[in-house]
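The values are calculated or read from the model by the stated rules, or taken from the named source; none is laboratory data. From a predicted model like this one, the values you see are computed outputs, not experimental measurements. Cβ atoms come from the backbone with ideal geometry, glycine included; neighbour counts cover every protein chain shown.
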Amino acid sequence: MSFTSDAYVAEPESEVEQSTAAWLEEQAAMPFIREVAQRSFELMDLRPGDAVVDVGCGTGVMLPALANAVGPDGSVTGFDHSAAFLARAQRRITEAGLEHGVTLVQGDAQALPFEDATFDVAHVERLLMHLPEPDAAIRELVRVTRPGGRVACAEVYANGADIENPDRHAMDLINSAAIAQIRNPAMGIELRRRLVDAGLESVRVVAVALAETFIDPDEIDELRRQGIKLAERGELELARAQSAIDYVVEANEAGRYMGLALIFIAAGVVPEAMPGAEATS
């Protein structure tokens, strides 16, 4: 599938939404994404009894682990815009026997339907990169998290993705065209600044890198589509685009392909008094 932010706002039950849901499931099984989840858990510092919200929970991949971390005295809320994603999440938590510890809510991450200071921990992963107003979503995460609670965000640094190629210029153009379908391709590296600007304290950041030694055929197809579009716009000769992508295919088949992906995870603490908040007597 094409890696595009629009896939996450596709019509319910459409082919695009269904393929996106399946893609999310495949991604969750990758060691790279599992490592991101592990580092996110470390930064969330979940404790028994915590109330945690997973905003943009998708198909609920992380919900069982969150429920196990907070235990029977804690609570987990999975939140997503997609009814189809939440239906898959519901099946997941039912099969895990977690119906009483996990609640699912549908809505807009930029306007969360929760009271102030509802949760001990708020988490998002690969969500802010797709939103029209990511800072609004971050402010909402801070608002619904109690003072002293933690907000953790894991986001792709799409601008930092790369593929080894002797035609550096052609590959850069093709890569740039591919990531242009993401609303906020620099989100990963911007996380620390955005969380600090939202008023969080003690913001910590870690980076997880994937040294990719294999490229999926679907990704090659997407590179070819972007190469054709660049040629149609007169930005790159078609023969040059095809040659650069043929190199990727040949390198992949010969076992010498090399690509790079980066995800940053940032987490901060909600202060006792948010900047600009009115003093209470």
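Tell me which residues, restricted to the range 185-207, are within 13 Å of residue 271 (Cβ to Cβ) and surrounded by fewer than 17 Cβ atoms within 10 Å (Cβ to Cβ).
Taking the range 185-207 and keeping what is within 13 Å of residue 271 (Cβ to Cβ), we get 195-196, 198-203.
Correct list: 196, 201, 202.
Listed by first and then second residue, the pairs linking a residue in the range 235-253 that is within 11 Å of residue 171 (Cβ to Cβ) to a residue that is modelled with pLDDT under 95, with Cβ atoms under 8 Å apart and 6 or more places separating them unless they lie on different chains, form an empty list.
Would it be correct to say that residue 211 is surrounded by fewer than 16 Cβ atoms within 10 Å (Cβ to Cβ), hydrophobic (A, V, I, L, M, F, W, C), assigned to a strand (DSSP E or B) and touching a residue at least 24 places away in the same chain (Cβ under 8 Å)?
Working: surrounded by fewer than 16 Cβ atoms within 10 Å (Cβ to Cβ): yes; hydrophobic (A, V, I, L, M, F, W, C): yes; assigned to a strand (DSSP E or B): yes; touching a residue at least 24 places away in the same chain (Cβ under 8 Å): yes.
Criteria met by residue 211.
Go through the range 52-83 and count every residue that is assigned to a loop (DSSP other than H, G, I, E, B) and more than 24 Å from residue 149 (Cβ to Cβ). Adding up the residues that qualify gives 2.
Identify all residues within the range 84-117 that are under 23 Å from the mean Cα position of the chain (by Cα) and closer than 27 Å to residue 148 by Cβ; write none if there are none. Residues satisfying the conditions are 102, 103, 104, 105, 107, 108, 109, 110, 111, 112, 113, 114.
Here the range 128-143 is the region considered, the condition is being hydrophobic (A, V, I, L, M, F, W, C) and closer than 23 Å to residue 179 by Cβ, and the residue that is farthest from the chain's Cα centre (by Cα) is 136.
All conditions but one from (1) in a loop (DSSP other than H, G, I, E, B); (2) surrounded by 15 or more Cβ atoms within 10 Å (Cβ to Cβ); (3) touching a residue at least 60 places away in the same chain (Cβ under 8 Å) apply to residue 273; the one that does not is (2). May I ask you to verify whether residue 172 is of a type outside the set (Gly, Ala, Ser), out of contact with any strand residue (DSSP E or B) (no Cβ under 8 Å at 6 or more places or on another chain), in contact (Cβ under 8 Å) with a residue 24 or more places away in the chain and assigned to a helix (DSSP H, G or I)? Taking the combined requirement at face value, the residue does not satisfy it. Checked against (1) under 30 Å from residue 231 (Cβ atoms); (2) not in a loop (DSSP other than H, G, I, E, B); (3) not aromatic (Phe, Trp, Tyr), residue 150 meets all criteria but (1). Report yes if residue 125 is buried (at least 21 other Cβ atoms within 10 Å of the Cβ) and within 18 Å of the chain's Cα centre (by Cα), otherwise no. Judged against the criteria, residue 125 is a match.
Only one entry of 228, 245 meets the criterion of being touching a Lys or Arg at 6+ places or on another chain (Cβ under 6 Å) and in a helix (DSSP H, G or I), and that entry is 245. With the condition kept exactly as written, say whether any residue in the range 92-101 is assigned to a loop (DSSP other than H, G, I, E, B), small (Gly, Ala, Ser), without any contact (Cβ under 8 Å) to a residue 60 or more places away in the chain and surrounded by 20 or more Cβ atoms within 10 Å (Cβ to Cβ). Within the range 92-101 (the criterion being assigned to a loop (DSSP other than H, G, I, E, B), small (Gly, Ala, Ser), without any contact (Cβ under 8 Å) to a residue 60 or more places away in the chain and surrounded by 20 or more Cβ atoms within 10 Å (Cβ to Cβ)), the answer is yes, since at least one residue qualifies.
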